[in-house]
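A.B. asks: The structure that follows is given in the form of C-alpha cells.
The values are calculated or read from the model by the stated rules, or taken from the named source; none is laboratory data. Values in this document were obtained by computation on a predicted structure and should not be read as measured data. So basically every Cβ, Gly included, is an ideal-geometry build from the backbone, and we count neighbours across all protein chains shown. Note: accessible area is taken over every heavy atom of the protein model, side chains too, but ligands, DNA and RNA are not part of it. Shrake-Rupley method; radii C 1.70, N 1.55, O 1.52, S 1.80 Å.
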Amino acid sequence: MAGEIAIGFAGNPNCGKTTLFNAYTGANLKVANWPGVTVEKKEGRFRFHDSEYRLVDLPGAYSLTCYTMEEQVTRQYILSDEVDVIIDVADASALQRNLYLTLQLIELGKPVILALNMMDIVEKRGMEIDTHRLPEMLGIPVIPVSARRKTGLDILMHAAAHHVGKPSDVPLIHHHGGGASTQSTRPGHKHQHHSEFAMVYSDKIEDKIDQLTEALQARYPELPNYRWHAIKLLEGDRELLKKYPVNCPDVLDRSYEQDIINEKYDFIDEIIQEVVVNREERTAVTDWADELLTHRFWGLPIFLGIMALVFFLTFTVGDWLKEYFQLGLDWFSGGVLGWLDAMGVAPMLTSLIVDGIITGVGGILTFLPNIIILFLALAFLEDSGYMARVAYVMDGIMGKLGLSGRAFIPMILGFGCSVPAVMASRALENKRDRYKTMLITPFMSCSARLPIYVLFSEMFFADHAMLAAYSMYLLGLVVAVACAFVMRLAEGGKSTGSALLIELPEYKAPSGHTIFIYVWEKVKDYLSRAGTIIFVASILMWVLLNFGPGGYSGGDMSDTFGSLLGRWLVPFFAPIGLGYWQIVVALLAGVSAKEVVVSSCAVLFSVNNVNSAAGMASLSAILGSMGFGPANALALMTFSLLYIPCAATLATIKREAGSWRWMLFAAGFQVAVAWGVSFVVYQIAGAVLG
C-alpha cells in the first residue's frame, strides 16, 4: 500500500497502550503537548511491508464523552481527517471495563481494530476469551497481542493496513430471543439495524435516533456519520448541541445519557457472557474482598490501618537498613576529611566540602532506605488493585465537599510526589474542581517530607516516633478535606463535582517487574534531586552561613547573611514555636526541595551525619539548650507538611493553571493555612506535653 498510514492508539488508562506503542516505535519517538492543552502527545514512525506508518499514542480515556481534557483531545483527533485506522488497545484481563470505549469508537464510523492486550494474564488466571465469537458481535477485527512479550505485533499491523477505509468488514452475528442466530434483526423488532450496527438500542431510543438522523440530514447534508451525532445529541453533548442544533423539542425532551450508558453496559454483559469463560470464580473472590474493603463504614478505617502498617514497616525495616548507610557515610566523611588535611587544603575549602556538601547531601542519602520501603508499599497497593478501591471509598466524602470523587485520585498520588499529583488534576472535567484540587493536593504529605518526620520524631518522641510521623499524613488529609469543605461553604454550599465513574479491577498478585520499575523511577528521582537540587542548595546554604557583610566568617555564623535573614523573619515564626533563626533559614531553604530542611539543619548546627544516633543526640542537645522541645518539633513537622510546596510543584501549578497570579495565590494560601494549623498544634502540644 502506497503512502503514509496514520494510526491512532486509543484505550483506557493502564491498558498497556503505551507499551504496545513503544514496541513499534522504539527510539523513533517524538513527545510534545497537544496544541493548546497540557496533555502529552506522542508520535512515532516506522516501516512495515514497504509502507510508512505514523503512530499516535492518544491520551488514556474511559469514554469519548469529554468528561476530561484527555477524553476531549482523543475525541477531537479521532473525528479529524488525520487518522486512517484506530487501534483500540484493551486489557483482556478486564475486558468488561474496556469494551465501553470500544463501543463508542465503533459508533464513530471510523475503521477500528480491537487489540486484546495482556492475553498472558488471561491465561495465567485460567480464563479464556472466544476470539472467534467476539468479532462477530462487534463487527470489527479482534487481534490477541502481548505488548510486554511483543507477540502478535505483525498480525495487528497487517490487519490495520488491510482495514484502511473499511469501517466494518466483519459480518455481524447477534443472538437474540432464545439464542436464535440472525444477521438481520431479533424477532418482533421493527428496526433493521442489527445487520448494520454492533450496538443497537431499545425501540424508544432507536426511534429518537432515526428522527434526529432525518433532521440532521435535512439541515446538515455534508455531515459524516449521522447516527453518532444523533446519539450524542440524545446524550446532551454540549459541544454538539451548540455546533449542530436541531429543532426537535419532542425528541430532545431530556438527556438520555444514562439510558444509553445503561443499554451499552447491558450489551457488554451479553458479550462477556458469550465470549469469556471461567471468570466466575475470580469475580467471586473480588466481590468477597470488596464487601469488606469498600464497605460504607469499614472501608476508610481499613485504609487508615493499612497506611499505618506501611509506616510501621517504613520505620522498623527502614531504620534497620539505615544504620548501614550511616556507617558508610561516617567512613566516607572521615576519609575525605583526612585526605583533605593531608593534602593541606585551605580550611575554607575543607569546610565547604565536608560541612557543606557531604553533610548536606549525605544526610539526605541516609534516608534512602525509608524512602524505598515507602515506595515499595505504595507500588504493591497500586499494582494489586487496592488504590482504586480507596478512590471509590472516598467518593462519597468528596461529593459532600463539593468535589468530584476523581479529586481524591490526585490526592492519593500526593503521597508519592506533588508534581504528578497536581498534573493528575487534569482528569477533572470542571475547571473550578481542577483549581480547588491543585490548591489542596500539596497538603498531602509527599515522600520528600519523610526525612523531616523521621529525624524530628525519632529525636523527640523516641518509642512513639512512628505514631508522630503517621499523624502528619493523617493531618494533611484532614486539612485538605477541611479546606475543601470551607471552600464549598464559601461558594454557597453548591456541589460542582460529579460522581466518580470507575471500574474496580480484579485483585491480582503485584508484578515484581512493575514494582521494580516504579520504585526504581522514584529512587532515581530522589538520587537525582540529591545530586542536583540538594547539592546546589547545600552549597548555597554553606555560603549564606559562612559569609556576611564583613566577608568570610571563619565558622562564626552570628553575623552571616543567613543569620541576618533568619532573625528578620523570626517575629513571624515565633508564635508557632519556630522563633529560631536557624529553623527559619532551614524552612526557607526547603522551598527548593523539602529534603533540604534536613540537610540545612545539619549544616546550620554543624552536625555530621545528622541521621545517626550520635548525630541525632548532638542535634537534640543543641536544640534543647535553645528551648526547642517536643511541642516545637510537632509545630515544625506541621509547618513543613503544609507550607509552600517545593519549587517544582509551584512551577507545575503555574503551568497547569496557566497563571502566575493563581500560583502566587496558592503559595500564599498554603503559608496562611500552615501558620494557622501550626499555631493550634503548638498551643495544644505545649499544654499537653508541657
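A.B. asks: With (1) assigned to a helix (DSSP H, G or I); (2) within 29 Å of residue 545 (Cβ to Cβ) as the list, and residue 610 as the residue in question, which single condition is left unmet?
C.D. replies: (1)
A.B. asks: Right, next: May I ask you to list pairs of residues, at least six apart or on different chains, whose Cβ atoms are under 6 Å apart, with the first in the stretch 568-592 being aliphatic (A, V, I, L, M) and the second being surrounded by fewer than 21 Cβ atoms within 10 Å (Cβ to Cβ) and in a loop (DSSP other than H, G, I, E, B)?
C.D. replies: 570/579; 591/644
A.B. asks: Would you check if there is a residue in the stretch 358-368 being modelled with pLDDT under 75 and exposed (fewer than 14 other Cβ atoms within 10 Å of the Cβ)?
C.D. replies: Taking the stretch 358-368 and keeping what is modelled with pLDDT under 75, we get 358-368.
Narrowing further to those that are exposed (fewer than 14 other Cβ atoms within 10 Å of the Cβ): none.
Within the stretch 358-368, not a single residue is modelled with pLDDT under 75 and exposed (fewer than 14 other Cβ atoms within 10 Å of the Cβ).
A.B. asks: Out of 611, 632, I need the residue that is touching a Ser or Thr at 6+ places or on another chain (Cβ under 6 Å) and crowded, with 20+ Cβ neighbours inside 10 Å. Which one? Step through it out loud before you land on a result.
C.D. replies: Numbers: 632 fails: touching a Ser or Thr at 6+ places or on another chain (Cβ under 6 Å).
From the options 611, 632, the qualifying one is 611.
A.B. asks: Please go through (1) at pLDDT below 80; (2) under 17 Å from residue 633 (Cα atoms) for residue 618 and return the number of the only condition it doesn't satisfy.
C.D. replies: (1)
A.B. asks: Which of the residues spanning the stretch 234-261 are of a type in the set (Asp, Glu) and either part of a helix (DSSP H, G or I) or under 32 Å from the mean Cα position of the chain (by Cα) (or both)? Steps first, please.
C.D. replies: Here is the first cut: in the stretch 234-261, the residues of a type in the set (Asp, Glu) are 235, 237, 239, 250, 253, 257, 259.
Within the stretch 234-261, 235, 237, 239, 257, 259 qualify.
A.B. asks: Sort out which residues of the stretch 460-499 are crowded, with 20+ Cβ neighbours inside 10 Å and modelled with pLDDT under 80, and write them in order of number.
C.D. replies: Hit for the stretch 460-499 is 497, nothing else.
A.B. asks: Across the stretch 211-233, which residue is farthest from the chain's Cα centre (by Cα) among those that are open to solvent by 50 Å² or more (accessible area, probe 1.4 Å) and without any contact (Cβ under 8 Å) to a residue 24 or more places away in the chain?
C.D. replies: The qualifying residue farthest from the chain's Cα centre (by Cα) is 218.
A.B. asks: Checking the conditions here, which among 404, 457, 418, 447 is modelled with pLDDT of 70 or more, within 18 Å of residue 483 (Cα to Cα) and touching a helix residue (DSSP H, G or I) at 6+ places or on another chain (Cβ under 9 Å)? Quick ask: steps written out before the conclusion?
C.D. replies: Working: 404 fails: modelled with pLDDT of 70 or more; 457 fails: within 18 Å of residue 483 (Cα to Cα); 447 fails: within 18 Å of residue 483 (Cα to Cα).
Exactly one of 404, 457, 418, 447 is modelled with pLDDT of 70 or more, within 18 Å of residue 483 (Cα to Cα) and touching a helix residue (DSSP H, G or I) at 6+ places or on another chain (Cβ under 9 Å), namely 418.
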